[in-house]
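This report refers to the structure that appears directly beneath it.
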Amino acid sequence: MNQSSNAKMGKDRRHFIALALALGISGPWGAVNAQNKTGPVLVLGDSLSAEYGLNRGKGWVKLLEQRLQEQKNPRAVVNASISGDTTSGGRARLPALLSQHKPSIVILELGGNDALRGLPLQSSQSNMEAMVKASRDAGAKVMLVGMQVPPNYGASYTEQFAQMFQSIASQNKLPLLPFLLAGFGDSPDAMQWFQADRIHPNAQAQPRMLENVWPKLKPMLN
């Protein structure tokens, strides 16, 4: 092979690598989807994060945004939570959200409505794992926020539901908050922290929810 051929092959290879990088294709030249360090925090959740039954600006996600502003952290917070959403709904919505907002961190707070609807846990876990992969492929770090179901669901289901979050976090090496409502949702005086429906936390519970999230999220911000 002559020198001219070698030069042409080298040029073609550089062109191919540049094209692959532009298209987001990985290869032996190194990881393409480098971690995004400047994008917003994207919260993908259900009614617990969507300010259900609260005045606008009183939910824990808004309080998180205010804390970051107070700490001069340049990241914005995008609340993409929808009341009643399931892991299937979140999985369907996530690609467009990742493309639009290009988050540096994704907080996944879904699964509670799957349990309320009696959806198969295998399906819920598959959806969650797909969202973790999509987020990471887009360059974002992922935090998983878990829930607990009432004991009337039966001991077996209650344990399996909690274990689902533990399993996803362990397999994917994710920071996990096992129970968003820890410290008040499982306390003897729990009802004073909830709205009249006894399901959704009231305004005074929102700072406590943020304090549950913050220790897991703070190291991810650095």
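The values are calculated or read from the model by the stated rules, or taken from the named source; none is laboratory data. For clarity, every value in this text was computed on a predicted model and none was experimentally measured. Neighbour counts run over all protein chains shown; Cβ positions are idealised from the backbone, glycine included.
Report yes if some residue within region 143-161 is surrounded by 14 or more Cβ atoms within 10 Å (Cβ to Cβ), of a type in the set (Gly, Ala, Ser), within 17 Å of the chain's Cα centre (by Cα) and over 22 Å from Gly59 (Cα atoms); otherwise report no.
no
Being farther than 19 Å from Ile199 by Cβ and either β-branched (Val, Ile, Thr) or not in a helix (DSSP H, G or I) (or both) is the filter here; which residues of region 72-95 pass it?
Matches in region 72-95: Lys72, Asn73, Pro74, Arg75, Ala76, Val77, Val78, Asn79, Ala80.
Any idea which residue in region 87-102 is surrounded by the fewest Cβ atoms within 10 Å (Cβ to Cβ), counting only those that are more than 23 Å from Glu65 (Cα to Cα) and in contact (Cβ under 8 Å) with a residue 40 or more places away in the chain?
Per the stated criteria, the residue is Arg91.
So which of Ala134, Ala182 ends up being in a loop (DSSP other than H, G, I, E, B) and either in contact with a Lys or Arg (Cβ under 7 Å, 6 or more places away or on another chain) or modelled with pLDDT of 95 or more (or both)?
Details: Ala134 fails: in a loop (DSSP other than H, G, I, E, B).
Result of the check over Ala134, Ala182: Ala182.
Looking at region 207-219 only, could you name the residues that are surrounded by 15 or more Cβ atoms within 10 Å (Cβ to Cβ) and closer than 21 Å to Arg75 by Cα? First the steps, then the outcome.
Narrowing region 207-219 to residues surrounded by 15 or more Cβ atoms within 10 Å (Cβ to Cβ): 208-210, 212-214, 216-217.
Listed by number, the residues that qualify are Met209, Leu210, Asn212, Val213, Trp214, Lys216, Leu217.
Taking region 109-131 as the search range and keeping residues that are in a helix (DSSP H, G or I) and hydrophobic (A, V, I, L, M, F, W, C), which one is surrounded by the most Cβ atoms within 10 Å (Cβ to Cβ)?
This residue is Met128.
Looking at Val43, Val32, which is the one that is modelled with pLDDT of 95 or more and β-branched (Val, Ile, Thr)? Let's see the steps before the verdict.
Details: Val32 fails: modelled with pLDDT of 95 or more.
Exactly one of Val43, Val32 is modelled with pLDDT of 95 or more and β-branched (Val, Ile, Thr), namely Val43.
Against the definition (under 16 Å from Asn113 (Cα atoms) and either loosely packed, with under 15 Cβ neighbours inside 10 Å or in contact with a Pro (Cβ under 7 Å, 6 or more places away or on another chain) (or both)), how does Phe165 come out, yes or no?
Yes.
When Asp197 is evaluated against the numbered criteria (1) surrounded by fewer than 18 Cβ atoms within 10 Å (Cβ to Cβ); (2) not in a loop (DSSP other than H, G, I, E, B), which criterion, by number, is the only one it fails?
(2)
Can you pull out every residue in region 147-162 that is under 15 Å from Asn113 (Cα atoms), assigned to a loop (DSSP other than H, G, I, E, B) and modelled with pLDDT under 95?
The answer is Gln148, Val149, Pro150.
For residues that are under 17 Å from Val61 (Cβ atoms) and either crowded, with 18+ Cβ neighbours inside 10 Å or among the charged types (D, E, K, R) (or both), tally how many sit in region 76-86. Even if it seems obvious, please write down each step before you answer.
Taking region 76-86 first, the residues under 17 Å from Val61 (Cβ atoms) are 76-85.
Now restrict to residues that are either crowded, with 18+ Cβ neighbours inside 10 Å or among the charged types (D, E, K, R) (or both): 77-82, 85.
Matching residues across region 76-86 total 7.
Could you look through region 74-94, keep only residues that are out of contact with any strand residue (DSSP E or B) (no Cβ under 9 Å at 6 or more places or on another chain), of a type outside the set (A, V, I, L, M, F, W, C) and modelled with pLDDT of 95 or more, and pick out the one that is nearest to Ile107 (Cα to Cα)? If you could, list the steps in order and put the result at the bottom.
First, pick out the residues of region 74-94 that are out of contact with any strand residue (DSSP E or B) (no Cβ under 9 Å at 6 or more places or on another chain): 74, 83-84, 86, 88-89, 91-92.
Cutting the leftovers down to of a type outside the set (A, V, I, L, M, F, W, C) gives us 74, 83-84, 86, 88-89, 91.
Narrowing the set further to residues that are modelled with pLDDT of 95 or more leaves 83-84, 86, 88-89, 91.
Details: Ser83: 16, Gly84: 17, Thr86: 15, Ser88: 16, Gly89: 15, Arg91: 13 Å.
That would be Arg91.
For Asn55, state whether it is more than 25 Å from Ser167 (Cβ to Cβ), over 17 Å from the mean Cα position of the chain (by Cα) and touching a residue at least 12 places away in the same chain (Cβ under 8 Å).
yes
Residue-wise test of (1) among the polar types (S, T, N, Q); (2) touching a Pro at 6+ places or on another chain (Cβ under 9 Å); (3) closer than 16 Å to Leu144 by Cβ.
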| site | (1), (2), (3) |
| --- | --- |
| Lys37 | no, no, no |
| Leu42 | no, yes, yes |
| Ala50 | no, no, no |
| Ile107 | no, no, yes |
